[in-house]
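Novice: Submitted below is the structure of interest, expressed as structure tokens.
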Amino acid sequence: MHNNSHWLKQIGIGCRSAALLCCAMLVGVPSAMAGDPINGGKLYNQHCKKCHGADGKSSFPGVADFSRGEGLLKADGELQQKINNGKGMMPAFRSMLTEEEIFDVITYLRKLRR
Ligand code: HEC
């Protein structure tokens, strides 16, 4: 009988960590998929506007015009990688923005298109 209760306790621990993992996924995924465009706009003005312009129309030649949807025909994950790692003259934002903040900015970028 002693052995039996020990075994049940182990199952209990297993279930609890599985439930935690499940919760972490439920909380993490929607916030990543549906970013906050208001926070994204704030971050954009702080970090991106100087190069990409207030409305996504860059003053640099050859840079994607977000107001025409250029450079955004990619999955969020791919854009996130680009912003994380930088590209050409664009700095890497990996150390400046969290993953969630980058998704917020991407959500904002997608709203710039008219
Ligand atoms: C120092 C100027 C600068 C800053 C700051 C900057 N960018 Fe860029 N960005 C560029 C340039 C230049 C390119 C074009 C790079 C190339 O194609 O070689 C670019 C390209 C991009 C692209 C298109 C990538 C592609 O695959 O074509 C995205 C998306 C982007 N930037 C998002 C952002 C976001 C979001 C921020 C702010 C978090 C930001 N950028 C900040 C200069 C900048």
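Taken together, the values in this text are just the output of simple stated rules run on the coordinates, not laboratory data. Quick caveat: nothing in here was measured; it's all calculated off a predicted structure. No Cβ is skipped: glycine too gets one built from the backbone with ideal geometry, and neighbour counts run over all protein chains shown.
Novice: Determine the sum of side-chain charges near SER59: Lys and Arg each +1, Asp and Glu each -1, restricted to other residues whose C-beta is under 13 angstrom from that of SER59.
Specialist: +1
Novice: May I ask you to list the lysines whose Cα is less than 27 Å away from that of LYS74, ignoring any residue fewer than eight positions away on the same chain?
Specialist: LYS42, LYS49, LYS50, LYS57, LYS82, LYS87, LYS111
Novice: Along the range 97-114, what does the Karplus equation 6.51 cos²θ - 1.76 cosθ + 1.60 (θ = phi - 60°) give for ³J(HN,Hα), rounded to whole Hz, x for Gly and Pro?
Specialist: Result, rounded to whole Hz: 10, 7, 4, 5, 5, 5, 5, 4, 5, 4, 4, 5, 4, 5, 8, 6, 5, 10.
Novice: In addition: Please compute the length gained on full extension between ASP55 and ILE38, using 0.36 nm multiplied by the number of residues separating them and subtracting their Cα-Cα distance.
Specialist: Here the segment from ASP55 to ILE38 would lengthen by 4.7 nm.
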